[in-house]
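Quick note: the coordinates plus some simple rules give every number you see, no bench work behind them. These numbers come from a predicted model, not from an experiment. Cβ: placed from backbone, ideal geometry, glycine included. Neighbour counts: every protein chain shown.
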Amino acid sequence: MKILGKRKLTPYGIEIKKRLLEKNLTQKEFCEKFGIGQTRLSEMLYGAAPGYKYRKIIEKALK
């Protein structure tokens, strides 16, 4: 039985969340500003998808 809501952030996801907090941005605001699907970013943060297409954009925006 799979329990929903028990996913954990990857180390990459934790770092991205920290950077978003530092820049006072929500995930939604960030995604809208940089043209990244909200679902895709969430999948990346939790390790469900690698998101290679967006990693450079994210890293450049949040460095």
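Modelled spin-label separation between Ile57 and Ile14, with each label point placed 7 Å from Cα along the Cα-to-Cβ direction: 2.7 nm. Each residue of the stretch 48-55 was assigned a 3J(HN,Hα) from its phi angle through the Karplus expression (A = 6.51, B = -1.76, C = 1.60, θ = phi - 60°), giving 7, 8, x, x, 3, 4, 9, 4 Hz with x at Gly and Pro. Near the amide H of Ala49, within less than 5 Å, lie the amide hydrogens of Met44, all on another chain or at least 5 residues away, with H placed in the peptide plane.
What is the extension gain from Ala49 to Glu22, computed as 0.36 nm multiplied by their sequence separation minus the C-alpha to C-alpha distance, in nm to one decimal? Value of the extension gain: 7.3 nm. 3J(HN,Hα) couplings calculated from phi for the stretch 8-19 with the Karplus curve 6.51 cos²θ - 1.76 cosθ + 1.60 (θ = phi - 60°) are, in sequence order, 10, 5, 6, x, 4, x, 4, 5, 5, 4, 4, 5 Hz; Gly and Pro show x.
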